[in-house]
Amino acid sequence: MIQRIQSLYLLLTTLFSVLFLNGIIIKFLTESNEALYLTFTGINRLSEVAGTENVEKLILLSILLLIVPVTSFISVFLYKKRKLQLKFAVGLITLIIAMILTVLYYSNYVINEYNAELTPGINLVFPFLSLIFAFMALRGIKKDDDLIRSYDRLR
């Protein structure tokens with residue numbers, strides 16, 4: 001059934017992944033009052049003189065930011081194939097962890113390379129909320145699978 005609780009968790013994972021994907025992921029301020037932004041397209045610099053310019057493209061981060069919501073959304077509609085949905089949920093958790101680690105790596109890179117300071121924002125919470133909801137969806141899928149197996153044993 002599509003109205004199962006894990007479908008809601010997977011939709012929330014998709015929602016938070018899309019919110020994290022849009023706009024500025026992380027904001028940094030340099031010592032010379034330039035703003036650096038980690039976005040979907042890469043590292044962007046906002047200066048008073050030149051305006052906005054793309055400093056570096058981050059292909060790996062862009063790919064991960066696209067794959068996570070797509071995988072989450074596809075797994076919502078795999079409710080008739082619990083085994084496949086379970087594999088998608090495990091893969092989704094792996095992708096979210098990889099995305100978090102990639103964002104941490106690039107954040108550390110920006111801090112060290114550009115002598116910048118991290119400016120915390122609400123976007124930093126979204127990947128962790130996605131991870132929590134993905135774990136909850138995995139737990140719900142496992143409960144359904146165990147329930148169906150117990151019914152099969154009774155027959």
Within the range 80-110, residues of a type in the set (Ser, Thr, Tyr) and within 19 Å of residue 70 (Cβ to Cβ) come out as 94, 102
Looking for something crowded, with 20+ Cβ neighbours inside 10 Å, within 14 Å of residue 26 (Cβ to Cβ) and not aromatic (Phe, Trp, Tyr) - is there at least one such residue anywhere in the range 81-90? no
Spot the failing condition for residue 51; the list is (1) on the phi > 0 side of the Ramachandran plot; (2) touching a Phe, Trp or Tyr at 6+ places or on another chain (Cβ under 6 Å), and only one is missed. (2)
Scanning the range 113-123 residue by residue, those within 23 Å of residue 9 (Cα to Cα) and open to solvent by less than 50 Å² (accessible area, probe 1.4 Å) turn out to be 123
Scope the range 1-33; condition surrounded by 14 or more Cβ atoms within 10 Å (Cβ to Cβ) and either free of Cβ contacts under 8 Å to residues at least 24 places away in the same chain or among the small types (Gly, Ala, Ser) (or both); matching residues: 7, 8, 15, 17
Long-range neighbours under 6 Å by Cβ, at least six apart or interchain, first residue more than 14 Å from residue 13 (Cβ to Cβ) within the range 74-85, second modelled with pLDDT under 90 and exposed (fewer than 13 other Cβ atoms within 10 Å of the Cβ): 79/2
Unmet requirement for residue 148, which otherwise passes all of (1) part of a helix (DSSP H, G or I); (2) within 27 Å of residue 40 (Cα to Cα); (3) modelled with pLDDT under 95; (4) not charged (D, E, K, R): (2)
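May I ask you to list the residues in the range 2-24 that are closer than 20 Å to residue 68 by Cβ, among the β-branched types (Val, Ile, Thr) and over 11 Å from the mean Cα position of the chain (by Cα)?
24
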State whether one or more residues within the range 76-88 are closer than 14 Å to residue 20 by Cβ and aliphatic (A, V, I, L, M). no
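The values are calculated or read from the model by the stated rules, or taken from the named source; none is laboratory data. The shown structure was predicted, so the numbers you read here are calculated from the model rather than taken from an experiment. A quick note on method: Cβ atoms are made from the backbone with ideal geometry, for glycine too, and the neighbour counts reach across all protein chains shown. We work out accessible area using only protein heavy atoms, side chains counted, and drop any ligands, DNA or RNA first. Shrake-Rupley method; radii C 1.70, N 1.55, O 1.52, S 1.80 Å.
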